[in-house]
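The values are calculated or read from the model by the stated rules, or taken from the named source; none is laboratory data. Small disclaimer: the values here were computed from a predicted structure and weren't measured. A quick note on method: Cβ atoms are made from the backbone with ideal geometry, for glycine too, and the neighbour counts reach across all protein chains shown.
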Amino acid sequence: MKKKALITGGAGFIGSHVKDELKKLNFEILSVGRNKKEDVQADFKAPEFKNIILDFMPDVVCHFGSGSNIARAEENKEKEFEDTVLSTQVLIKYLLELKKKPEKIIYLSTQAVYGCSDILSVGESHEVKPVTAYGENKLKAENIIINSNLNYIIFRISSVYGATQDYLKSGVIAKFVNRMKNNQSPIVFNSIDNFSDFIYIDDVVNGIMKGITSGDEVKNEIFNLASGKPTTLREVLDILYGYFPSVLQPELQINTLYPGKNSKGIYLDIKKIKSKLQWDCKYNIEDGLASMLKTMSLLENVR
(Lines give C-alpha, C1' and ligand atoms only; values in the text may rest on other atoms or scores of the structure.)
Protein backbone atom coordinates (compact mmCIF):
# COMPACT_ATOMS: atom_id res chain seq x y z
CA MET A 1 0.00 0.00 0.00
CA LYS A 2 1.26 3.44 -0.91
CA LYS A 3 2.22 5.81 1.87
CA LYS A 4 0.34 9.08 1.87
CA ALA A 5 1.97 12.49 2.20
CA LEU A 6 0.03 15.68 2.85
CA ILE A 7 1.93 18.81 1.88
CA THR A 8 0.86 22.31 2.79
CA GLY A 9 2.56 24.69 0.40
CA GLY A 10 3.41 21.97 -2.08
CA ALA A 11 3.44 24.46 -4.94
CA GLY A 12 6.08 26.62 -3.26
CA PHE A 13 9.81 26.78 -3.89
CA ILE A 14 10.84 24.02 -1.47
CA GLY A 15 7.51 22.18 -1.46
CA SER A 16 7.46 21.60 -5.21
CA HIS A 17 10.93 20.03 -5.11
CA VAL A 18 10.02 17.75 -2.19
CA LYS A 19 6.81 16.77 -3.97
CA ASP A 20 8.83 15.65 -7.00
CA GLU A 21 11.08 13.50 -4.79
CA LEU A 22 8.11 11.92 -3.00
CA LYS A 23 6.64 10.95 -6.38
CA LYS A 24 9.85 9.07 -7.15
CA LEU A 25 9.30 7.07 -3.95
CA ASN A 26 5.75 6.24 -5.04
CA PHE A 27 4.01 8.26 -2.33
CA GLU A 28 0.38 9.19 -2.79
CA ILE A 29 0.56 12.97 -2.48
CA LEU A 30 -1.96 15.66 -1.73
CA SER A 31 -0.77 19.26 -1.70
CA VAL A 32 -3.07 21.86 -0.18
CA GLY A 33 -2.85 25.63 -0.07
CA ARG A 34 -4.02 28.90 -1.55
CA ASN A 35 -1.84 28.63 -4.65
CA LYS A 36 -3.71 27.69 -7.82
CA LYS A 37 -1.01 25.10 -8.56
CA GLU A 38 -1.85 23.04 -5.46
CA ASP A 39 -3.71 19.74 -5.89
CA VAL A 40 -6.47 21.25 -3.78
CA GLN A 41 -6.80 25.00 -3.49
CA ALA A 42 -8.08 25.71 0.02
CA ASP A 43 -7.43 28.16 2.83
CA PHE A 44 -6.85 26.70 6.28
CA LYS A 45 -9.79 28.76 7.55
CA ALA A 46 -12.18 27.20 5.03
CA PRO A 47 -14.60 24.52 6.32
CA GLU A 48 -13.43 22.04 3.68
CA PHE A 49 -9.84 22.14 4.99
CA LYS A 50 -10.77 19.86 7.88
CA ASN A 51 -12.56 17.38 5.65
CA ILE A 52 -9.62 17.27 3.23
CA ILE A 53 -7.30 16.18 6.04
CA LEU A 54 -9.70 13.73 7.67
CA ASP A 55 -10.57 12.09 4.36
CA PHE A 56 -6.96 11.78 3.19
CA MET A 57 -5.54 10.38 6.45
CA PRO A 58 -1.85 11.09 5.72
CA ASP A 59 1.06 8.98 6.95
CA VAL A 60 3.43 11.94 6.68
CA VAL A 61 2.59 15.64 6.94
CA CYS A 62 4.95 18.18 5.38
CA HIS A 63 3.96 21.59 6.74
CA PHE A 64 5.68 23.97 4.34
CA GLY A 65 2.98 26.56 3.76
CA SER A 66 3.44 28.93 6.67
CA GLY A 67 4.78 32.48 6.50
CA SER A 68 6.83 34.13 3.79
CA ASN A 69 9.89 36.16 4.77
CA ILE A 70 11.33 38.68 7.20
CA ALA A 71 10.39 41.82 5.28
CA ARG A 72 6.79 40.81 4.61
CA ALA A 73 6.31 39.69 8.20
CA GLU A 74 7.34 43.14 9.41
CA GLU A 75 5.11 44.90 6.89
CA ASN A 76 1.98 42.89 7.71
CA LYS A 77 2.38 41.34 11.14
CA GLU A 78 -1.25 40.35 11.58
CA LYS A 79 -1.42 38.44 8.32
CA GLU A 80 1.92 36.72 8.90
CA PHE A 81 0.83 35.65 12.39
CA GLU A 82 -2.29 34.19 10.87
CA ASP A 83 -0.45 32.43 8.05
CA THR A 84 2.25 30.98 10.30
CA VAL A 85 0.89 30.51 13.81
CA LEU A 86 -2.86 30.17 13.40
CA SER A 87 -2.54 27.92 10.35
CA THR A 88 -0.29 25.60 12.36
CA GLN A 89 -2.77 25.54 15.25
CA VAL A 90 -5.59 24.59 12.91
CA LEU A 91 -3.55 21.92 11.15
CA ILE A 92 -2.50 20.29 14.42
CA LYS A 93 -6.07 20.42 15.73
CA TYR A 94 -7.34 18.47 12.73
CA LEU A 95 -4.45 15.99 12.75
CA LEU A 96 -5.24 15.16 16.37
CA GLU A 97 -8.78 14.28 15.31
CA LEU A 98 -7.55 11.56 12.96
CA LYS A 99 -8.23 8.00 14.08
CA LYS A 100 -4.81 7.02 12.78
CA LYS A 101 -2.26 9.69 13.65
CA PRO A 102 0.44 10.53 11.10
CA GLU A 103 3.83 8.89 11.58
CA LYS A 104 5.53 12.28 11.61
CA ILE A 105 5.20 15.96 10.84
CA ILE A 106 7.99 17.67 8.92
CA TYR A 107 8.07 21.39 9.65
CA LEU A 108 10.24 23.98 7.94
CA SER A 109 11.39 26.61 10.39
CA THR A 110 14.19 29.13 10.04
CA GLN A 111 17.53 30.29 11.40
CA ALA A 112 15.69 33.52 12.30
CA VAL A 113 14.50 31.88 15.54
CA TYR A 114 18.04 32.34 16.91
CA GLY A 115 18.02 36.10 16.40
CA CYS A 116 21.31 38.00 16.50
CA SER A 117 23.84 35.87 18.31
CA ASP A 118 27.29 36.83 19.57
CA ILE A 119 28.21 33.22 18.86
CA LEU A 120 28.54 33.04 15.10
CA SER A 121 28.21 29.26 14.64
CA VAL A 122 24.89 28.43 16.27
CA GLY A 123 23.79 24.93 17.29
CA GLU A 124 20.28 23.65 17.96
CA SER A 125 20.68 23.96 21.73
CA HIS A 126 21.55 27.65 21.46
CA GLU A 127 19.15 30.12 23.03
CA VAL A 128 16.29 31.06 20.72
CA LYS A 129 15.73 34.80 20.82
CA PRO A 130 14.17 36.02 17.57
CA VAL A 131 14.33 39.74 16.82
CA THR A 132 11.90 39.73 13.90
CA ALA A 133 8.19 38.96 13.61
CA TYR A 134 9.09 36.24 11.11
CA GLY A 135 11.37 34.49 13.60
CA GLU A 136 8.88 34.93 16.45
CA ASN A 137 6.06 33.39 14.43
CA LYS A 138 8.16 30.45 13.31
CA LEU A 139 9.20 29.77 16.90
CA LYS A 140 5.58 29.86 18.06
CA ALA A 141 4.67 27.39 15.32
CA GLU A 142 7.56 25.15 16.39
CA ASN A 143 6.25 25.10 19.95
CA ILE A 144 2.71 24.26 18.83
CA ILE A 145 4.07 21.21 17.01
CA ILE A 146 6.42 20.21 19.84
CA ASN A 147 3.59 20.35 22.39
CA SER A 148 1.12 18.43 20.20
CA ASN A 149 2.25 14.93 21.24
CA LEU A 150 2.63 14.08 17.55
CA ASN A 151 5.98 12.88 16.23
CA TYR A 152 7.87 15.63 14.46
CA ILE A 153 11.08 16.68 12.76
CA ILE A 154 11.73 20.42 12.59
CA PHE A 155 14.29 21.83 10.19
CA ARG A 156 15.73 25.26 10.92
CA ILE A 157 16.83 26.27 7.45
CA SER A 158 19.39 28.93 6.65
CA SER A 159 19.35 31.09 3.49
CA VAL A 160 18.21 28.77 0.72
CA TYR A 161 18.68 29.64 -2.94
CA GLY A 162 17.91 28.03 -6.28
CA ALA A 163 16.67 28.51 -9.82
CA THR A 164 12.91 28.50 -9.25
CA GLN A 165 12.90 30.76 -6.21
CA ASP A 166 10.55 33.74 -6.43
CA TYR A 167 12.80 36.76 -6.09
CA LEU A 168 9.80 38.92 -5.21
CA LYS A 169 9.17 36.91 -2.04
CA SER A 170 12.58 36.10 -0.64
CA GLY A 171 16.17 35.21 -1.32
CA VAL A 172 18.94 37.76 -1.70
CA ILE A 173 20.72 35.59 -4.25
CA ALA A 174 17.56 35.27 -6.35
CA LYS A 175 17.21 39.06 -6.21
CA PHE A 176 20.83 39.55 -7.27
CA VAL A 177 20.50 37.16 -10.21
CA ASN A 178 17.20 38.62 -11.37
CA ARG A 179 18.68 42.11 -11.58
CA MET A 180 22.02 41.09 -13.05
CA LYS A 181 20.50 38.96 -15.82
CA ASN A 182 18.57 42.08 -16.82
CA ASN A 183 21.81 44.10 -16.78
CA GLN A 184 20.81 45.99 -13.62
CA SER A 185 23.06 46.64 -10.64
CA PRO A 186 22.36 44.35 -7.69
CA ILE A 187 21.04 46.12 -4.59
CA VAL A 188 22.94 45.49 -1.35
CA PHE A 189 21.38 46.49 1.94
CA ASN A 190 23.56 47.97 4.70
CA SER A 191 26.90 46.27 4.01
CA ILE A 192 28.44 44.14 1.30
CA ASP A 193 30.44 42.40 4.05
CA ASN A 194 27.33 41.09 5.80
CA PHE A 195 27.24 37.33 5.59
CA SER A 196 24.78 34.49 5.66
CA ASP A 197 24.75 30.71 5.62
CA PHE A 198 23.68 30.02 2.03
CA ILE A 199 22.43 26.54 1.14
CA TYR A 200 21.49 25.28 -2.31
CA ILE A 201 17.98 23.93 -2.86
CA ASP A 202 19.17 20.41 -3.76
CA ASP A 203 20.92 20.10 -0.39
CA VAL A 204 17.80 21.34 1.41
CA VAL A 205 15.57 18.82 -0.36
CA ASN A 206 18.02 16.01 0.31
CA GLY A 207 17.99 16.85 4.03
CA ILE A 208 14.20 16.97 4.17
CA MET A 209 13.92 13.64 2.36
CA LYS A 210 16.35 12.12 4.87
CA GLY A 211 13.94 13.25 7.58
CA ILE A 212 10.85 11.93 5.80
CA THR A 213 12.36 8.50 5.15
CA SER A 214 14.10 8.14 8.54
CA GLY A 215 12.96 5.38 10.85
CA ASP A 216 11.41 5.54 14.31
CA GLU A 217 14.85 6.09 15.81
CA VAL A 218 14.76 9.68 14.51
CA LYS A 219 11.76 11.51 15.86
CA ASN A 220 10.96 14.62 17.88
CA GLU A 221 14.15 16.28 16.74
CA ILE A 222 15.18 19.76 15.64
CA PHE A 223 17.90 20.01 13.00
CA ASN A 224 19.80 22.92 11.55
CA LEU A 225 19.72 22.50 7.77
CA ALA A 226 22.47 24.68 6.37
CA SER A 227 25.89 24.73 4.74
CA GLY A 228 27.55 25.38 8.08
CA LYS A 229 29.72 28.09 6.53
CA PRO A 230 29.51 31.89 6.38
CA THR A 231 29.56 33.54 2.96
CA THR A 232 29.61 37.31 2.55
CA LEU A 233 27.53 39.15 -0.02
CA ARG A 234 30.83 40.33 -1.49
CA GLU A 235 31.85 36.72 -2.11
CA VAL A 236 28.50 35.93 -3.74
CA LEU A 237 28.72 38.96 -6.01
CA ASP A 238 32.34 38.25 -6.95
CA ILE A 239 31.16 34.90 -8.31
CA LEU A 240 28.12 36.35 -10.07
CA TYR A 241 30.15 39.13 -11.71
CA GLY A 242 32.20 36.37 -13.30
CA TYR A 243 29.03 35.38 -15.16
CA PHE A 244 27.68 38.91 -15.68
CA PRO A 245 30.82 41.05 -16.18
CA SER A 246 29.06 43.93 -17.95
CA VAL A 247 26.75 44.74 -15.03
CA LEU A 248 27.56 47.92 -13.09
CA GLN A 249 28.78 47.73 -9.50
CA PRO A 250 26.29 47.14 -6.62
CA GLU A 251 23.97 49.84 -5.37
CA LEU A 252 24.12 50.23 -1.58
CA GLN A 253 20.91 51.01 0.32
CA ILE A 254 20.19 51.28 4.04
CA ASN A 255 17.43 49.02 5.31
CA THR A 256 15.75 50.21 8.52
CA LEU A 257 12.71 47.98 8.21
CA TYR A 258 13.28 45.40 10.91
CA PRO A 259 15.22 44.84 14.15
CA GLY A 260 18.57 43.15 13.84
CA LYS A 261 19.45 45.12 10.72
CA ASN A 262 22.87 45.93 12.17
CA SER A 263 23.80 42.29 12.65
CA LYS A 264 26.57 41.07 10.37
CA GLY A 265 25.00 37.60 10.29
CA ILE A 266 25.18 34.11 11.74
CA TYR A 267 25.84 30.66 10.39
CA LEU A 268 24.63 27.32 11.70
CA ASP A 269 26.34 24.35 13.29
CA ILE A 270 25.33 21.22 11.34
CA LYS A 271 27.06 18.46 13.32
CA LYS A 272 23.75 17.08 14.61
CA ILE A 273 22.09 16.55 11.22
CA LYS A 274 25.30 15.02 9.87
CA SER A 275 25.35 12.52 12.71
CA LYS A 276 21.68 11.61 13.11
CA LEU A 277 20.46 11.80 9.51
CA GLN A 278 23.74 10.96 7.76
CA TRP A 279 23.32 14.11 5.69
CA ASP A 280 25.97 16.46 4.40
CA CYS A 281 26.02 19.62 2.31
CA LYS A 282 27.27 18.72 -1.18
CA TYR A 283 27.23 22.12 -2.88
CA ASN A 284 29.64 24.90 -2.03
CA ILE A 285 28.58 28.41 -3.04
CA GLU A 286 30.46 28.31 -6.37
CA ASP A 287 28.91 25.01 -7.46
CA GLY A 288 25.47 25.98 -6.17
CA LEU A 289 25.44 29.22 -8.14
CA ALA A 290 26.69 27.45 -11.26
CA SER A 291 23.93 24.85 -10.96
CA MET A 292 21.33 27.54 -10.32
CA LEU A 293 22.33 29.52 -13.40
CA LYS A 294 22.56 26.42 -15.57
CA THR A 295 19.07 25.40 -14.50
CA MET A 296 17.83 28.87 -15.38
CA SER A 297 19.40 28.42 -18.85
CA LEU A 298 21.18 31.73 -18.54
CA LEU A 299 24.52 30.38 -19.67
CA GLU A 300 25.69 28.27 -22.57
CA ASN A 301 28.76 26.97 -20.77
CA VAL A 302 28.76 26.55 -17.03
CA ARG A 303 31.62 24.77 -15.38
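Comparison of Leu168, Leu150 shows that the only residue that is among the hydrophobic types (A, V, I, L, M, F, W, C), in a loop (DSSP other than H, G, I, E, B), surrounded by 19 or more Cβ atoms within 10 Å (Cβ to Cβ) and at negative phi is Leu150. Restricted to the stretch 23-97, the set of helices (runs of 4 or more DSSP H) holding at least 2 residues that are among the charged types (D, E, K, R) and modelled with pLDDT under 90 comprises 70-75, 77-81. Taking the stretch 173-230 as the range and being out of contact with any strand residue (DSSP E or B) (no Cβ under 7 Å at 6 or more places or on another chain), free of Cβ contacts under 8 Å to residues at least 24 places away in the same chain and of a type in the set (A, V, I, L, M) as the test, no residue passes. The residue that is farthest from Ser170 (Cα to Cα), among those in the stretch 109-148 that are within 17 Å of the chain's Cα centre (by Cα) and among the acidic types (Asp, Glu), is Glu124. Applying the criterion of being in contact with a Pro (Cβ under 7 Å, 6 or more places away or on another chain) and assigned to a helix (DSSP H, G or I) to the residues of the stretch 171-189, the residue that is surrounded by the most Cβ atoms within 10 Å (Cβ to Cβ) is Phe176. Exposed (fewer than 15 other Cβ atoms within 10 Å of the Cβ) and over 15 Å from the mean Cα position of the chain (by Cα): is that true of Leu25 in this structure? Yes: the conditions hold for Leu25. If the condition is being in contact with a Ser or Thr (Cβ under 7 Å, 6 or more places away or on another chain), at pLDDT below 90 and more than 30 Å from Ile105 (Cβ to Cβ), then the stretch 232-258 contributes Pro250, Glu251. For the stretch 94-103, does any single residue satisfy the condition of being within 19 Å of Phe198 (Cα to Cα) and touching a residue at least 24 places away in the same chain (Cβ under 8 Å)? Within the stretch 94-103 (the criterion being within 19 Å of Phe198 (Cα to Cα) and touching a residue at least 24 places away in the same chain (Cβ under 8 Å)), the answer is no, since none of the residues qualifies.
Going by the conditions given, is Thr84 under 29 Å from Asn255 (Cα atoms), surrounded by 16 or more Cβ atoms within 10 Å (Cβ to Cβ), touching a helix residue (DSSP H, G or I) at 6+ places or on another chain (Cβ under 7 Å) and of a type in the set (Val, Ile, Thr)? For Thr84, the condition - under 29 Å from Asn255 (Cα atoms), surrounded by 16 or more Cβ atoms within 10 Å (Cβ to Cβ), touching a helix residue (DSSP H, G or I) at 6+ places or on another chain (Cβ under 7 Å) and of a type in the set (Val, Ile, Thr) - is met.
For the stretch 200-210, the count of residues that are aromatic (Phe, Trp, Tyr), in contact with an Asp or Glu (Cβ under 9 Å, 6 or more places away or on another chain) and buried (at least 22 other Cβ atoms within 10 Å of the Cβ) is at least one.
Can you pull out the residues in the stretch 126-136 that are in contact with a Gly (Cβ under 8 Å, 6 or more places away or on another chain) and touching a residue at least 24 places away in the same chain (Cβ under 8 Å)?
Passing the criteria: Val131, Thr132, Tyr134, Gly135.
Residues in the stretch 137-169 that are hydroxyl-bearing (Ser, Thr, Tyr), in contact (Cβ under 8 Å) with a residue 60 or more places away in the chain and in contact with a Lys or Arg (Cβ under 8 Å, 6 or more places away or on another chain): Tyr152 only. Filtering Lys229, Lys282 for residues that are surrounded by fewer than 14 Cβ atoms within 10 Å (Cβ to Cβ), modelled with pLDDT of 95 or more, part of a loop (DSSP other than H, G, I, E, B) and not hydroxyl-bearing (Ser, Thr, Tyr) leaves a single hit, Lys282.
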